[in-house]
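The values are calculated or read from the model by the stated rules, or taken from the named source; none is laboratory data. Here the structure is a predicted model, which is why all the values come from computation and not from measurement. Counting neighbours? That spans all protein chains shown, and the Cβs are built from the backbone with ideal geometry, glycine included.
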Amino acid sequence: MSPTTLSCPTCKTTLEWSDKFPFRPFCSKRCQQIDFGGWAREDFAIKGAALVDPEMLDSEQLSKELLDAGLIDPDLLES
Ligand SMILES: [Zn+2]
């Protein structure tokens, strides 16, 4: 019997719904955090729109905001 498979929402890699992939439905912790980061960014942009010009928010500043808020892993910023 073959295990249930699915696609990682972030990178579309096929993975198995099993203990081999503890971060399922994501293939890895990195993809999980990327997805969450995207969500947080959207949320931040919506809230921030009322307060500041969105064009003033560059990605570096936003990353720092998220980092300071403990929403993202510092390792994620090192590429
Ligand atoms: Zn992935």
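The figures follow:
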{"item": "The listed residue being modelled with pLDDT under 85 and surrounded by 10 or more Cβ atoms within 10 Å (Cβ to Cβ), out of ILE34, ILE46", "result": "ILE46"}
{"item": "Residues being without any contact (Cβ under 8 Å) to a residue 12 or more places away in the chain and touching a strand residue (DSSP E or B) at 6+ places or on another chain (Cβ under 6 Å) - total across segment 8-29", "result": "2"}
{"item": "Of residues in segment 57-79 being loosely packed, with under 14 Cβ neighbours inside 10 Å and of a type in the set (Ser, Thr, Tyr), the one modelled with the highest pLDDT", "result": "SER59"}
{"item": "Segment 1-12, subset of a type outside the set (Ser, Thr, Tyr) and not in a strand (DSSP E or B), residue farthest from the ligand (Cβ to nearest atom)", "result": "MET1"}
{"item": "Residue that is nearest to ASP75 (Cα to Cα) [pool: residues in segment 13-28 that are more than 14 Å from the chain's Cα centre (by Cα) and within 8 Å of the ligand (Cβ to nearest atom)]", "result": "THR13"}
